[in-house]
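Inspection log for the structure reproduced underneath, given as structure tokens.
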Amino acid sequence: MKLKSYIIAIIGSGWMLLSGCSEMGLVGPTIQPDDDKITIYTDTFQITASTVKIDSLFAKTTYGYLGEIYDPLYGRLKSDYLCQLYCQEGYEFARTPYEGKIDSVTFHIRYTSWTGDAYTPMQIQIYPVTNPLDKIYYSNINAADYCDMQQLIGAQIFTASNGVIVDSTLLSSSSTVYVYNREFSIRLPVELGQKIYDETVRNPSTFETQEAFNRFFPGIYVTTGYGSGTLFHINWTRIDIDYRYMETSANTGADTILYATERFMVSKDVIQLNRFENTDTEQLLADNEEYTFLKTPAGIFTRLVIPAKEIKPVIDGRIVNNLPLEIKYLPQEEWIYALAPPPYLLLLPEDSLGTFFENGNIENDVTAYISTDGNSHSATYLGYDATNRTYSFRNIANLLNYHISQSPDEDLRLVVVPVNRTYQQSSSSSYYSSGSTTYYTTALSHYLAPSGVKLRKDKDNMRIAVLSSKYENK
């Protein structure tokens, strides 16, 4: 049996040489020894695809999306967010404000990129959160349930191009391309900062825990008033409380007025709720013989159905060694600001979508797979091949085997979901080689930036080949 296992391993690793076969039947000669002949089969099957929509996305993140854009094919998208502010336990002002007075309060938004027109004017509006935010990180929340929409506490008109550049960072350690960090600043009522300072003096217990501070200051709602054509990718949100304080020189005894700032930021320790409103998406869900759609952050996904009920009797008694899957997409539209394809796709059973992201899962190559560029046997940092317009899932045989063992009388229903992938890299080398770099996933989440793509579903592109093998004992 050791010999059998070794031969099967060779068959599995050599499948990429056979994956171009698309006819049902016997492939190649049998493999010796005579008492353990192994026959290899390649059987082809047709899968089906359709566009589906889910009502809301799990959107737990410290990043925000703010603005509104319109695409002639994918429709309108408006995004905004509600957030709490982090308060350190036992917080107090570092200095005593001069005469106990706050000078100003400023709201800051930092961003590095945007989708759409850099010169379209857009009004940013800020409202107070009046009811406690719930840890319900889904994107279909109603802001009016948490906010006083009659109390506008800040507003200003901006374009993406006139944000103040505050600093820059290299895109990567091997790149000479810089990413510029920009900021918007909006004045808020000075009474807001005065209220916080006065509370530190009168009721220090308010700042003993984050929960106590949230009851005192539930948060803010950041949205847009008018203007369409730009959607900002927000890196972080912050409120600055500026004040003067007096310092007496130890040497001369002279009093000097100095300036200080207290800062409250959005962080991973507090709640941020991202909202997305999509309209004009009905045409994406209509029956289409040529392609299906993906659109983010709209919950527009593609469902694939693999005919497991048809496959099961054909492969009965065999070992399934390989099942490669490639998804090809069509070129993007030619109009200005056309949406780009999402960077990665996740393939998983449809019935596991509801809990996958809530549980913080990543791909396991058994019930969940991440796309690659298809050009390497090791994990890559690219989720698709832009030249061939292909997302590759190299071998989903484990998924088919698992499904047949659990639900032999049902077809395998999968969903293709755009995801954001956080990864790290590891390198290996030896005396005989210069080494290689492998990229492995550390976290997956719904892809929340605007993207859109059409996936081909014609007959040729919906054909899969199942490689299986069987011992032919004498």
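The values are calculated or read from the model by the stated rules, or taken from the named source; none is laboratory data. Everything quoted here is computed from the prediction, not taken from an experiment. Backbone-built Cβ (ideal geometry, glycine too); neighbour counts: all protein chains shown. The protein model used for the area step is the full one, side chains on, heavy atoms only, and it has no ligands, DNA or RNA in it. Shrake-Rupley method; radii C 1.70, N 1.55, O 1.52, S 1.80 Å.
Brief remarks on what is shown
Each row is one residue, and each column tells you yes or no for (1) assigned to a strand (DSSP E or B); (2) crowded, with 19+ Cβ neighbours inside 10 Å; (3) charged (D, E, K, R); (4) without any contact (Cβ under 8 Å) to a residue 24 or more places away in the chain.
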| position | (1), (2), (3), (4) |
| --- | --- |
| Ser50 | yes, no, no, no |
| Tyr70 | yes, no, no, no |
| Ser79 | yes, yes, no, no |
| Leu82 | yes, yes, no, no |
| Leu85 | no, yes, no, no |
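- Members of region 238-264 that are in a strand (DSSP E or B), open to solvent by 70 Å² or more (accessible area, probe 1.4 Å) and over 15 Å from Ser104 (Cβ atoms): Met246, Glu247, Thr248, Asp255
- Residues that are loosely packed, with under 13 Cβ neighbours inside 10 Å and not in a loop (DSSP other than H, G, I, E, B) within region 350-394 comprise Asp351, Gly354, Thr355, listed in sequence order.
- When Glu99 is tested against (1) on the phi > 0 side of the Ramachandran plot; (2) assigned to a strand (DSSP E or B), just one condition goes unmet, and that condition is (2).
- Test result for Ser185, within 20 Å of Ser267 (Cα to Cα), open to solvent by less than 80 Å² (accessible area, probe 1.4 Å), modelled with pLDDT under 95 and out of contact with any helix residue (DSSP H, G or I) (no Cβ under 6 Å at 6 or more places or on another chain): no
- Selection from region 457-474 of residues that are touching a helix residue (DSSP H, G or I) at 6+ places or on another chain (Cβ under 8 Å) and open to solvent by 30 Å² or more (accessible area, probe 1.4 Å): Tyr471, Asn473, Lys474
- Test: Thr120 is of a type outside the set (Gly, Ala, Ser) and in contact with a helix residue (DSSP H, G or I) (Cβ under 9 Å, 6 or more places away or on another chain): yes
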